[in-house]
Amino acid sequence: MAAALAPAPPPAAEGLPALRQRYKSGKAELVEHFLATQRPGAAVAARLLRALARHVDATLGALWAQQRMNVLAPRAALVAVGGFGRGELFPHSDIDLLVLLPPSDEAADGEPAPDGATHEQAPREASQEAVAAFITACWDIGLECGSAVRTVAECLAESARDVTVQTSLLEARLVCGHKRLFATLREALAQAMDARAFFTAKTLEMRQRHVKYEGTPYALEPNCKESPGGLRDLQVVIWVARAAGLGRTWAELAAKGLITPFEAGQLAKHEGTLRLVRARLHAVAGRREDRLVFDLQTAVAESFGLVPTKGQRPSEALMHRYYWAAKAVTQLNQILMLNIEERIAGSESSPMRPINARFLDRGGALEVASDDLYFREPHAILETFLVFVQTPGLRGLSARTLRALYNARNVMDAGFRRDPENRRLFMEILRQPKGQTHALRLMNQTSVLGRYLWVFRRIVGRMQHDLFHVYTVDQHILMVVRNVRRFFIPEHAHEYPFLSQLAAEWDRPWILYIAAIFHDVAKGRGGDHSDLGAAEVRRFNREHGITGDDAQLIEFLVRHHLTMSWLAQKEDLADAEVIRGFAKQVGTPRRLNALYLLTVADIRGTSPKVWNAWKGKLLEDLYRLTLRALGGAQPDAHAEIEARKVEARHLLALHSALPGTEEPLWKTLEVSYFARHDAAEIAWHARSLWRHVKTARPVVRARPSSVGEGLQVLVYSPDQPDLFARICGYFDNAGFSIQDAKIHTTRAGYALDTFQVTSSLAGDDGELDHRSLISLVETQAVQALAATGPLPEPRRGRVSRRVRSFPVIPRVSLVPDERAQRWLLTVSASDRTGLLYAVARVLAAHHINLQLAKVTTLGERVEDTFLVDGAALQRPKAQLRIESEILDAVAAPA
């Protein structure tokens, strides 16, 4: 193996073509050998990185000689900086070089030139020309170099201005050339180093980088170099330690007492894992690619020899391994950065304020009184987080506390989890008036949460390939806890006033926190995670002394945490049977309130793109209708409709409409129309159409949506079989996304359809004012609906990269109601442009009438529900043909 990782050094007398060929073939040999290694370990990656660096060293040395640099630039030095300076090189990393030149007032022999002398100018110009030719030759032979040409003085000036330059020079290594000049550079840099200022600059830089890369090691497409928990976090520790003279390796840091030998071993282990993943990623991609993008995750996983197992893809196994390493790196980075800061600032012996016999306040950080506290008193582990939330002024945990928790992980065994005192402490944390979000996040970051709740440990770092969750399961759960908690915080009441009002009346927030922790805790096992989670939380309740109504409510919430969302987005809320059935399932207003709060928190915690005001309105409508039913008021459709008519007439009067304005339109409408529209919509329709009730041409009116961004569009037209398809076709071509559709046909044979739409078009500033599109929609839609001839073929819109990596298997369900008069058509597929039009076109071809359409977009998956009828649906063969054609229409393009 050693021979395979050591290509022969190139002869110095080779020409550029031969040197290029030798470099490329040697590099290819190294990478191929690396890829051929089955189930590679960290040592294999380390050997590859060193071998690639040595191979480039040899190539540069030969090129330096071939270009006669020792003659043309005898006092220049070729210096490796950055990652190449560390003596390691990934397969497609840039090769960072510094050509170090002597001061401009030195002659070729190194003696200072006499005042006014010019005899050295020609040699100096020759040196600069030689350097330029050398850099060009590097690119000619295939070395992708990042180069700088500077003197020692210029290096010092640049490093004083730019901490990035200062960092790259910190790891400078001589490749070839003038040794004394390089030694001068090293001495000058060491003298100029201000360890405290460097630490501050690198800390700020790290924080900015973390924000740029989503602030979490659990991003679904992490950058294994730059993301939190990536290789850069380890390099930052070495840089600041090296600048402070505390060591250059993990072993040296351990010798200085900054870390324990065990921690040094853990750092080396996780660094090896990250190096291995990054090296494989470069090799598989065939380019510089540091992001574990969906397109490459499976290929990289298979290069490790990972194979599919029950319930887990190879890519999921790879990412689980990566997340565990990144999480550990995040913990150790935090410990070391705090330790180094204390060493540099000399604050290790600063006075501390006692909190109790076990904990102290070290300048806002919670400090353990002794390093072995958790081994002597295991109960103090959970007490740490209880003290944290109870003590004002604490901002986090000190390095000593973080290290003590890290080293005490094996203390948290089955006996620890069964200990009654620990169970009491955990419940006490959840019952505190504030601080649960921060406490649970700290518990997860320090691995305490997963070791106390063993069921939670299974989902730490678990990906969710459902196209709308953008967090791992554990991060999603903690986000839901945060969202629930915000309902109870007055400072956030402006976000969701109605929900905050409900929360203010709730007496036991900890019930919702427990439901949030367990609602997705059984994901990834196979089976229904809601039922499995309910079984887990039932066990938790029993072990933690939660009984009676509280225990039943928590189990109910976990088992039915998806029910309210499903009903609001898929069922017809104007159907009294739907409301009556949900009210029976919920049982009490208390359960309804809790489920409503948890549902909104859950949807908001999936992705910033999934929640919108329209979903909020659907959920609120379902909540209010159900609450009324639970209050004993049986749904009275007639009374409800009459109340809406009265309110609509009042709104018309406010808009100066004459009495009776509504009658021409209302006489043509069925009861179902009034049941599905609120009073404001009914009044708007009457005001817009009172002159056009018998029109022969389509009428289109638009207004800003009353529920968030977008437009509400009214289409009124003589009915025709392909009308809905033409409307969808127009919106698709105009760049609008349909969020909801209410379809009605009047007794006079007119279609009266209302759409909620949003536009993907934005202005030069990236913002969009939907008001500016109203006249455009009203004009263009009429023209599109007036068109005749066959419907155009739907566009096979492009799918996103994420959908290509994790495609949704298209599914179509066509289910009749009890009397087989109306049918519920459900379509699930990957989202893409033109999808709804493709479905509508199939329905039009079979003369299927739409009564209701609910269009739900969940990230990059759509779940569309249509209430339809038509003669073709009464024939089984026609049903199969319709379902088959819809499946073909929604299939992702090849």
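The values are calculated or read from the model by the stated rules, or taken from the named source; none is laboratory data. A quick note: this is a predicted structure, and the numbers were derived from the prediction, not measured. FYI the Cβ positions are ideal-geometry reconstructions off the backbone, even for glycines, and counts take in every protein chain you see. Heads up: the accessible areas ignore ligands, DNA and RNA and are worked out on the full protein's heavy atoms, side chains in. Shrake-Rupley method; radii C 1.70, N 1.55, O 1.52, S 1.80 Å.
Of all residues in region 515-547, count the ones that are in a loop (DSSP other than H, G, I, E, B), buried (at least 22 other Cβ atoms within 10 Å of the Cβ) and not charged (D, E, K, R).
3
Are there any pairs with C-beta distances below 7 angstrom linking a residue in region 21-39 that is of a type in the set (V, I, T) to a residue that is surrounded by 12 or more Cβ atoms within 10 Å (Cβ to Cβ), with the two at least 6 apart or on different chains, and if so which?
The qualifying pairs are V31/P91; V31/A283; T37/V44.
Picking from V600, V610, which residue would you name as being closer than 26 Å to E495 by Cα and outside any helix (DSSP H, G or I)?
Checking each option against the conditions leaves just V610.
Among L338, L386, L332, which is the only one that is within 21 Å of Y218 (Cβ to Cβ), touching a helix residue (DSSP H, G or I) at 6+ places or on another chain (Cβ under 6 Å) and touching a residue at least 40 places away in the same chain (Cβ under 8 Å)?
Step by step, each of L338, L386, L332 is checked, and only L332 is within 21 Å of Y218 (Cβ to Cβ), touching a helix residue (DSSP H, G or I) at 6+ places or on another chain (Cβ under 6 Å) and touching a residue at least 40 places away in the same chain (Cβ under 8 Å).
Inspect region 808-816 for any residue being modelled with pLDDT of 80 or more and over 37 Å from the mean Cα position of the chain (by Cα) and give the result as yes or no.
yes
Would a scan of region 748-757 turn up a residue that is touching a strand residue (DSSP E or B) at 6+ places or on another chain (Cβ under 8 Å), modelled with pLDDT under 80 and either part of a helix (DSSP H, G or I) or closer than 28 Å to V671 by Cα (or both)? It would help to see each step written out before you state the result.
Going through region 748-757, the residues touching a strand residue (DSSP E or B) at 6+ places or on another chain (Cβ under 8 Å) turn out to be 749-757.
Remaining after also requiring modelled with pLDDT under 80: none.
No; the residues of region 748-757 include none that is touching a strand residue (DSSP E or B) at 6+ places or on another chain (Cβ under 8 Å), modelled with pLDDT under 80 and either part of a helix (DSSP H, G or I) or closer than 28 Å to V671 by Cα (or both).
Just for region 494-514: of the residues that are part of a helix (DSSP H, G or I), within 16 Å of E620 (Cβ to Cβ) and touching a residue at least 60 places away in the same chain (Cβ under 8 Å), which one is most open to solvent (accessible area, probe 1.4 Å)? If you could, list the steps in order and put the result at the bottom.
Restricting attention to region 494-514, the residues satisfying the condition of being part of a helix (DSSP H, G or I) are 497-504, 509-514.
Cutting the leftovers down to within 16 Å of E620 (Cβ to Cβ) gives us 497-503.
Imposing the further condition that a residue be touching a residue at least 60 places away in the same chain (Cβ under 8 Å) reduces the set to 498-499, 502-503.
Values: F498: 46, L499: 9, L502: 15, A503: 1 Å².
Per the criteria, the residue is F498.
Identify, please: which residue in region 548-562 is open to solvent by 30 Å² or more (accessible area, probe 1.4 Å), out of contact with any Asp or Glu (no Cβ under 9 Å at 6 or more places or on another chain) and not in a loop (DSSP other than H, G, I, E, B) and is, among those, nearest to N612 (Cα to Cα)? Spell out the reasoning first.
At the first step, the residues of region 548-562 found to be open to solvent by 30 Å² or more (accessible area, probe 1.4 Å) are 548-549, 552, 555, 559-560, 562.
Subsequent filtering for residues that are out of contact with any Asp or Glu (no Cβ under 9 Å at 6 or more places or on another chain) retains 548-549, 552, 555, 560.
Next, only the ones that are not in a loop (DSSP other than H, G, I, E, B) stay: 548-549, 552, 555.
On the way: G548: 36, D549: 33, Q552: 31, E555: 28 Å.
Taking the candidates together, the pick is E555.
Determine whether region 629-648 contains at least one residue that is within 40 Å of the chain's Cα centre (by Cα) and closer than 16 Å to A574 by Cα. Explain how you work it out, then say what you get.
Within region 629-648, the first condition is being within 40 Å of the chain's Cα centre (by Cα), and the residues that meet it are 629-630.
The next check asks that each one be closer than 16 Å to A574 by Cα; those that pass are 629.
Checked region 629-648: at least one residue is within 40 Å of the chain's Cα centre (by Cα) and closer than 16 Å to A574 by Cα.
Taking region 678-715 as the region of interest, how many residues are under 45 Å from the mean Cα position of the chain (by Cα), hydroxyl-bearing (S, T, Y) and assigned to a loop (DSSP other than H, G, I, E, B)?
2
Filter region 206-242 for residues that are of a type in the set (D, E, K, R) and either part of a helix (DSSP H, G or I) or touching a residue at least 24 places away in the same chain (Cβ under 8 Å) (or both) and give the result. Reasoning before the result, please.
Taking region 206-242 and keeping what is of a type in the set (D, E, K, R), we get 207, 209, 212, 214, 221, 225-226, 232-233, 242.
The answer is R207, R209, K212, E221, K225, E226, R232, D233, R242.
Could you list, in sequence order, the residues of region 260-292 that are open to solvent by less than 10 Å² (accessible area, probe 1.4 Å) and among the β-branched types (V, I, T)?
Result: V277, single match.
Checking R701 against (1) surrounded by fewer than 17 Cβ atoms within 10 Å (Cβ to Cβ); (2) in contact with an Asp or Glu (Cβ under 7 Å, 6 or more places away or on another chain): exactly one of these is not met. Which one?
If we test R701 against (1) surrounded by fewer than 17 Cβ atoms within 10 Å (Cβ to Cβ); (2) in contact with an Asp or Glu (Cβ under 7 Å, 6 or more places away or on another chain), just (1) comes out false.
For every residue, the table says whether it meets (1) modelled with pLDDT of 95 or more; (2) within 21 Å of F487 (Cα to Cα); (3) in contact with a Lys or Arg (Cβ under 7 Å, 6 or more places away or on another chain).
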{"site": "F498", "(1), (2), (3)": "no, yes, no"}
{"site": "A503", "(1), (2), (3)": "no, yes, no"}
{"site": "K523", "(1), (2), (3)": "no, no, yes"}
{"site": "F540", "(1), (2), (3)": "yes, no, no"}
{"site": "Q552", "(1), (2), (3)": "yes, no, no"}
{"site": "S565", "(1), (2), (3)": "no, yes, no"}
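Show me the helices (runs of 4 or more DSSP H) entirely contained within region 255-364 in which 1 or more residues are under 26 Å from R207 (Cβ atoms) and more than 20 Å from the chain's Cα centre (by Cα). Before the answer, list the steps.
Details: elements: 261-285, 294-303, 314-345.
Filter on region 255-364 gives 261-285, 314-345.
Output the residue which, of all residues in region 145-160 that are assigned to a strand (DSSP E or B) and of a type in the set (G, A, S), is nearest to the chain's Cα centre (by Cα). Give the derivation first.
Taking region 145-160 as the starting set, the residues that turn out to be assigned to a strand (DSSP E or B) are 145-151.
So of that shortlist, the ones also of a type in the set (G, A, S) come out as 146-148.
Details: G146: 32, S147: 35, A148: 37 Å.
Per the criteria, the residue is G146.
Could you look through region 587-617, keep only residues that are hydrophobic (A, V, I, L, M, F, W, C) and open to solvent by 10 Å² or more (accessible area, probe 1.4 Å), and pick out the one that is nearest to D740 (Cα to Cα)? Walk me through how you get there before you give the answer.
Just the residues of region 587-617 that are hydrophobic (A, V, I, L, M, F, W, C), to begin with: 592, 594-595, 597-598, 600-601, 603, 610-611, 613-614.
From the residues that got through so far, the ones that are open to solvent by 10 Å² or more (accessible area, probe 1.4 Å) too are 603, 611, 613-614.
Values: I603: 18, W611: 14, A613: 12, W614: 9 Å.
Ranking the qualifying residues of region 587-617, first place goes to W614.
Residues are listed down the side, and each one gets a yes or a no for (1) free of Cβ contacts under 8 Å to residues at least 60 places away in the same chain; (2) among the aliphatic types (A, V, I, L, M):
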{"position": "A594", "(1), (2)": "no, yes"}
{"position": "D602", "(1), (2)": "no, no"}
{"position": "T606", "(1), (2)": "no, no"}
{"position": "I641", "(1), (2)": "yes, yes"}
{"position": "T668", "(1), (2)": "no, no"}
{"position": "A680", "(1), (2)": "yes, yes"}
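Looking at region 177-203, which of its residues are at negative phi and in contact (Cβ under 8 Å) with a residue 60 or more places away in the chain? Step through it out loud before you land on a result.
First pass over region 177-203, keeping only residues at negative phi: 178-203.
H178, K179, L181, F182, L185, A195, R196, F199, T203, listed by residue number.
Okay, residues lined up against (1) open to solvent by 10 Å² or more (accessible area, probe 1.4 Å); (2) charged (D, E, K, R); (3) within 30 Å of A268 (Cβ to Cβ):
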residue	(1), (2), (3)
A325	no, no, yes
V368	no, no, yes
Y374	no, no, yes
P378	yes, no, yes
G393	yes, no, no
S398	no, no, yes
D419	yes, yes, no
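For every residue, the table says whether it meets (1) over 25 Å from the mean Cα position of the chain (by Cα); (2) closer than 26 Å to E316 by Cβ.
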site	(1), (2)
H492	no, no
L499	yes, no
D507	yes, no
I511	yes, no
A522	no, yes
R538	yes, no
T547	yes, no
L573	yes, no
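Quickly run through region 98-144 and pick out the residues that are part of a loop (DSSP other than H, G, I, E, B), within 22 Å of L174 (Cα to Cα) and modelled with pLDDT of 50 or more. Spell out how you get there, then give the answer.
Going through region 98-144, the residues part of a loop (DSSP other than H, G, I, E, B) turn out to be 102-105, 107-111, 113-120, 141-144.
From what is left, the residues that are within 22 Å of L174 (Cα to Cα) are 102-104, 108-110, 141-144.
Those that are part of a loop (DSSP other than H, G, I, E, B), within 22 Å of L174 (Cα to Cα) and modelled with pLDDT of 50 or more: P102, P103, S104, I141, G142, L143, E144.
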